[in-house]
Amino acid sequence: MTMRREKNERESRGETTAAVGPGAMSLQNYRLMEKMGEGTFSEVLKCQSMLDGKLYACKKMKHRYRSEDQVNKLREVQALKRLNPHPHVIDLKEVVFEKKTGTMALICELMDMNIYELIKDRKSYLPEQRVKLYMYQLCKAIYHMHRNGIFHRDVKPENILIKDSVLKLADFGSCKSVYSNQPYTEYISTRWYRAPECLLTDGHYSYKMDMWSVGCVMYEVMSLRPLFPGSNELDQVSKIHGIIGTPSRGTLRKLKKFQSRHMEFNFPHSAGSGISPLMKHASSGCVDLVAQLCTYDPDERLGAKQALRHPYFKDLRDAERRGKQATRSPSIASNVNESRLLAIPGKKTQHQEYSRRRKQQDHHHIAHSQLPVVSHHQVKGSHHIQPRVGDMRGDASSLILPQIQAKPISGIQSGFSSVLPSHKSTSHRHFLPHVFSDTRTHSKHIPFPSHPPSHHFQPPQGTKQQPLPIHHLPTLPKHTRTGAGYPG
């Protein structure tokens with residue numbers, strides 16, 4: 001009787017909630033504790049569940065929504081439905097929609113910090129082995145995303161979150177389908193991490209832009225300073241050419257086919273200084289991986305699967321393989337020195353749960369887990385995703401997954417996501433703490449493809465690199481991050 005009375009009270013208030021785990025919840029089930037940040041499209045509140053006592057992040061949208069269908073079609077929610085569960089992609093716990101007020105909020109996991117917060121005040125380099133572990137996890141998240149037909153378009157330190165040495169990729173508000181129609185929005189991604197094809201063309205770029213951003217992030221985490229801190233688009237191109245050189249004639253011909261009306265191609269020839277002189281403290285394997293990720297021609301740039309197979313990550317792949325063997329064989333597990341496995345502390349159960357849940361899903365289709373808003377009327381019907389998309393021009397376009405049968409999921413891992421402000425603010429980023437960014441609100445309905453591209457790569461030969469101790473930084477020029485929207 002009590003549960004029925006609570007349900008009737010929620011209905012009278014016009015509230016709609018996602019049923020995740022046993023029972024449905026609403027904002028009334030959370031105690032709002034403090035405001036953690038605010039952006040153009042949302043504010044982030046620290047909250048505590050009145051049901052389990054755990055702390056969460058509540059991302060409350062400023063936009064008012066007309067219906068739960070509109071909420072379900074937000075690209076952020078759709079992308080997370082497609083990508084979950086994965087140990088290195090942020091997990092959404094529940095979506096709350098109050099129909100009477102049009103308020104929508106995401107209830108998510110509270111992470112420790114983002115990568116930018118990790119490195120911004122450091123006076124000495126991070127241990128390279130720690131950076132390697134972070135970048136390996138990031139490449140896993142990118143590979144999982146790309147193989148599921150999505151590319152992120154805003155990979156940067158603020159959107160990469162960590163907790164207990166576990167890295168998770170967040171902010172899917174700007175993502176696109178791999179098979180969506182070009183041209184895309186030109187001014188996407190934060191400038192410092194924007195690939196050359198995004199700067200020089202009128203929106204003709206692909207999922208390989210994410211890999212350029214990964215290379216920029218990897219350099220920044222290793223060096224504690226940005227690789228290409230351009231103050232505007234022209235200066236950004238100039239800084240890229242100053243380090244990796246101007247493109248070859250063949251690459252230039254490909255880019256000129258879709259030349260941006262804002263960019264001239266008459267830049268002077270430059271061989272570039274190269275990345276190696278800027279990373280003297282790093283191992284040769286680390287420098288080589290950054291150089292292959294920051295390759296001018298996207299067709300020659302490493303993909304996520306290729307990056308995971310790079311010799312630099314060989315010790316992590318071997319340790320991961322030993323860990324899997326130990327999990328399968330208790331007799332082997334008793335003889336394995338876990339300190340050598342480079343495993344994440346306390347995350348064994350999470351990995352086993354992730355593996356179990358992934359085995360229950362079809363290899364070629366999305367996980368039919370119930371993460372959208374669920375009201376008093378359950379969503380009916382289901383169908384497979386079609387591998388074709390409509391026109392996706394402009395930042396307002398979104399991605400929509402098919403409707404699915406509403407089924408509560410017990411024991412689902414809590415998580416959070418964050419999204420990108422509009423492209424108008426990329427030069428002055430609206431900064432939020434390590435919990436969320438902002439989300440766009442208007443969307444077109446375009447499905448993700450069901451068969452993303454595959455990659456084939458034979459990794460080059462290389463020697464195993466030993467981890468380096470912490471090095472103290474020499475005197476470095478100070479870079480203000482206001483050019484890319486960092487807080488000054």
Notebook entry, point to check: Dipole of the stretch 271-327, Cα-centred, from +1 at each Lys and Arg C-beta and -1 at each Asp and Glu C-beta, to the nearest 20 debye?
Noted result: 340
Note to self: At a 10 Å Cβ-Cβ cut-off, how would you order Glu34, Glu68, fewest neighbours first?
What the structure shows: Glu34, Glu68
Note to self: Ranking request for peptides 283-291, 310-318, 169-177: highest mean number of other beta-carbon atoms within 10 Å first, then the rest in descending order.
What the structure shows: 169-177, 283-291, 310-318
Item checked: Long pairs among Lys156/Lys324; Lys54/Lys156; Lys93/Lys123; Lys123/Lys314; Lys35/Lys168, criterion Cα-Cα beyond 26 Å -> Lys156/Lys324; Lys54/Lys156; Lys93/Lys123; Lys123/Lys314
Checklist line | Rough spin-label spacing in nm, given labels placed 7 Å along Cα→Cβ, for Met113 and Asp52 | finding: 2.6
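Laboratory data are not the source of any read-out in this text; all were calculated from the coordinates shown. Keep in mind that this is a model prediction, so the values were computed, not measured. Reconstructed Cβ throughout: ideal geometry from the backbone, glycine too, with neighbour counts over all protein chains shown.
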